[in-house]
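This report concerns only the one structure given below.
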C-alpha cells in the first residue's frame, strides 16, 4: 500500500507526528505547571484568610496586635498578586500550546486523508470493486443506483463516480421513484446502454393515492422512453427467488395499462434482453410488444404474455422462456415449432406449465433439431384449473424438438407423474435431450416443498439414463433426497451385486431448509459421501444452502472439511449459483 502513497506526504506526516509528540509533552508540562501554581496561590490565600481572621474579637485585641496583623496581610498580598500574574501567563501558555496541538491535529488529518486507502487506491480498482458490489448486491431498497450511495462517502469517490457513466447504467423504477433523481441518473449514464428494472410493488392504497402513484409512474416511464435507443435490458417485474415462481402483482392494476402503451410504441433498436412478468390482474390481456420491432433482441422471458401476438419478436434468440401461459393465449404446436426454427442459435429454453395440454397434432410433426441448445428448464406446475391432470407432457414436448448436445436439465415442480413420463422419453429417445452429454441436473420439488414420492426404481432409471452426470442439485423433500443418495450408491432396488450410478459425479448441491439435517444432524449425507468415497467415486465438492441452516450439523461440516471441498452458500449465493442452470 505504501508504494501507492505520495512519499512527500508520508515524510510530512512523519514530521507532523514528531511535532505532535513534542507539543503533547509541552502541553502536559504546561498543565502540570499551571496546576502547581494554582495550588501555591490557593495556599497563600488560605494563609491570608487565616491571618486576617483572628480567633478573638477585635475589641479584645490591642492596637499593636492589630497593626501587626495588618502588616502581615500586606506582606502576603504582594506574593499573591505576583502569583496571580504568573498563573495568568501559565494559563495563556497552556491555551497557546493546545491551539498549536489542535493545528497539528488538523494538519495530520489532512495528510492522513491524502495517504488513506480511499485516496491512494487507483481509480480502476475502486471501479472494479464498485462494479462487483453493484452486480452482486440485492437492492431491497428503492435507490435508483448504488452509485448514489457511494457518491456520499467522500469527495474523491463522488468525483470518480460522477465522471464514470457505466456506474449509473442500472436503473430501478418504482412507483415512488424520484423523477429528478432518474433524470440525474440518465444524464450521468450517457452514453452507456441502460439496464432497466421496474419493481411492481403498488400497495393496497385508496383510489386517489393510486391515481397519484400512476401519474408519477407515467412520468418516470415517459422520461425513460426518451432514452429508449439506449435500452439494453428491460425487466418488468422481479423474481424474488432464483428458482421459485412467486410473483408480484399491482393491487391497483394501473401499472400494466401504463406499460402496455409504452411497450407497444417505443423504439428499442439496441434492446437485447427482455423480461416481462405480467401481473395477475392483467393475465391474458392481449398486448403487442414493440410493434416497430426489436432487431437486437437475443434473450426473452415472458410470463402471461400473449405469445401468438408477439411471434415477430421471437426470432434470432439465444435464450427463451415462456412462463405461466394462460390457456386462452397458448401458442399452437406449429407456432412453437416456428419459433424454434427461427432461433437456430438457441442455447437456453425454458417452458412452463402444461403448455402442451392442447397439442393433439404433435405426432404428425417432425422434431426440430436444436444443436446449440445447452440448457433446458421445464416446470411441471399446474397453473390453471382448466388443465387436464393426466397429460403426456414430456412426450409431446420432445415430439416438437430434440437437443442432442444438452448439458443442463432443470426440472421444477417435479412430481411422480412427470418423472415417470420423462424417464420414459429418455429411455425411448436418448438423443431427445442429450443423455450422453448432459452434465448438470437440477431437481426442485415445488414451492410448497411437497414430497415428489418418486419410486426408487424410477430414480434408478433416470440416473442410468444420465451416465455422464457431473453436477447434481437437489432442492426436494428429505425422503426424496435420501432416495437419490441410496440409488446412487446401490444402483437401485433389487440390484445385486450393487453397481453405483453416475461415476463421473463430482458436485452435490443441497438445500437444507426445514428438517433436512435436524433428525440425525446430516448423518445420512455423511454416510452417502463416505460410501461413494469407499467405492472410489468420491464427490469432490458439496454445497449447502442456506448457510445458517447448515450449522445445525457440525459433525457433517467437520467431516466435509476434512475430506472434500465444502461451500456454504447464502440464499443470494445460491441465487447466483443458479445461473449455471438458468439465465
Exercise. Of (1) surrounded by 17 or more Cβ atoms within 10 Å (Cβ to Cβ); (2) modelled with pLDDT of 85 or more; (3) under 32 Å from the mean Cα position of the chain (by Cα), residue 569 satisfies all except one. Which?
Worked result: (2)
For this session: Can you tell me which residue within segment 250-280, out of those that are in contact with a helix residue (DSSP H, G or I) (Cβ under 7 Å, 6 or more places away or on another chain), over 20 Å from residue 308 (Cβ atoms) and in a helix (DSSP H, G or I), is modelled with the highest pLDDT?
Result: 262
Exercise. Can you tell me which residue in segment 321-357 is nearest to residue 306 (Cα to Cα), limited to those that are at pLDDT below 85 and part of a strand (DSSP E or B)?
Worked result: 323
Exercise. For the subset of segment 358-412 comprising residues that are out of contact with any helix residue (DSSP H, G or I) (no Cβ under 7 Å at 6 or more places or on another chain), in a loop (DSSP other than H, G, I, E, B) and modelled with pLDDT of 80 or more, which member is farthest from residue 315 (Cα to Cα)?
Worked result: 407
For this session: Would you check which residues across segment 462-472 are over 31 Å from the mean Cα position of the chain (by Cα) and surrounded by 16 or more Cβ atoms within 10 Å (Cβ to Cβ) and list them?
Result: 462, 463, 464, 465, 466
Problem set entry | Residue list for segment 427-438, filter: surrounded by fewer than 21 Cβ atoms within 10 Å (Cβ to Cβ) and either in a loop (DSSP other than H, G, I, E, B) or touching a helix residue (DSSP H, G or I) at 6+ places or on another chain (Cβ under 8 Å) (or both) | 427, 429, 435, 436, 437
For this session: Keeping to segment 126-161, report how many residues are modelled with pLDDT of 80 or more and within 25 Å of residue 225 (Cβ to Cβ).
Result: 3
For this session: Would you confirm whether any residue within segment 85-104 is touching a helix residue (DSSP H, G or I) at 6+ places or on another chain (Cβ under 9 Å), surrounded by 13 or more Cβ atoms within 10 Å (Cβ to Cβ), modelled with pLDDT under 75 and not in a loop (DSSP other than H, G, I, E, B)?
Result: no
Problem set entry | Which listed residue is modelled with pLDDT under 90 and over 28 Å from the mean Cα position of the chain (by Cα), from 530, 475, 519, 448 | 519
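The values are calculated or read from the model by the stated rules, or taken from the named source; none is laboratory data. Since the structure is predicted, the reported quantities are computational estimates derived from the model, not experimental observations. No Cβ is skipped: glycine too gets one built from the backbone with ideal geometry, and neighbour counts run over all protein chains shown.
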